[in-house]
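Read the structure below first, then the notes.
The values are calculated or read from the model by the stated rules, or taken from the named source; none is laboratory data. Every value quoted in this text rests on a predicted model; they were computed, and no experiment measured them. FYI the Cβ positions are ideal-geometry reconstructions off the backbone, even for glycines, and counts take in every protein chain you see. Keep in mind that these areas ignore ligands, DNA and RNA; they rest on the heavy atoms of the full protein, side chains included. Shrake-Rupley method; radii C 1.70, N 1.55, O 1.52, S 1.80 Å.
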Amino acid sequence: MNPYLSIIMVSRNDDHGEGLLKRMSLCINNIIHFTNKYKIDTELIIVDWNPPQKRKLLLEVLPKPNKSKYLIIKYIVVPNDIHLLYDRSEEIPLFQMIGKNVGIRRANGKFILCTN
C-alpha cells in the first residue's frame, strides 16, 4: 500500500491523563471506521515511547483492524535506553514531540497528520 495519509500518535501505557487506553481505543476504532468508510489508504504509526517495564506494550492492548484494506497500523517502540539519552529524561517519562519526529521520519504517506 502507498498510503495517502500517515497518522502519527505518541504515547505509553501509563494511564497519563486517566483513561488513556479507553481514549486511544476510541480514537483508533474511529480511524478504522473512517478509513474504511471513505476508502482512504492510511497508515497509523503509534510510537510507544519509553514503555513502562511492568505494563504491556501498546501493541498488545490497543485495537487492531479486521482485514482492513485501507489501514495499516505500525508500532515503533522507543526503549528506555534511548529515552535516557535526552536531557531531563529522569523527570519527563514521555517526549511527545521527539516521538512524533520518530513517527514522521518513518511515515510513507503523501500527507502526515500528528495527533495527541
Leaving out ligands and nucleic acids, note down the accessible area per residue over segment 40-116 with a 1.4 angstrom probe, in whole Å². 66 Å²
Dimensions of segment 74-116 along principal axes (Cα, Å, largest first)? 36, 17, 13
Of ILE73, ILE92, ILE45, which is the most mobile in a GNM of the chain whose springs link Cα atoms less than 10 angstrom apart? ILE92
Whole-percent tail of the Cα-Cα distance distribution for the chain, cut at 26 Å, equals 18 percent
Mind checking the angle between helix 96-105 and the chain's longest principal axis? C-alpha axes, 0 to 90 degrees, to the nearest 10. 50 degrees
Could you please report the charge total around ASN29, scoring K, R as +1 and D, E as -1 over all other residues with beta-carbon less than 13 angstrom from its beta-carbon? +4
Using bins 10 angstrom wide from zero, how does P(r) for segment 32-72 break down, in % of all Cα pairs? 27, 41, 24, 7
Counting other Cβ atoms within 10 Å, keep those with at most 15, restrict to DSSP loop, and tell me which trypsin sites (Lys or Arg not before Pro) in segment 1-100 are left. LYS39, LYS54, ARG55, LYS56, LYS67, LYS69, ARG88
Cut-off 10 angstrom, C-alpha nodes, Gaussian network model of the chain. Which of LEU21, LEU57, LEU84 fluctuates the most? LEU84
In degrees, nearest ten, helix 20-38 long axis to first principal axis of the chain (Cα): 20 degrees
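Given a 1.4 angstrom probe, I'd like the percentage of the accessible area of the chain that is carbon and sulfur, rounded to a whole number.
Percent of accessible area from carbon and sulfur atoms in the chain: 53.
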Computed over segment 1-41, Cα set: Rg, Dmax in Å: 12.5, 35
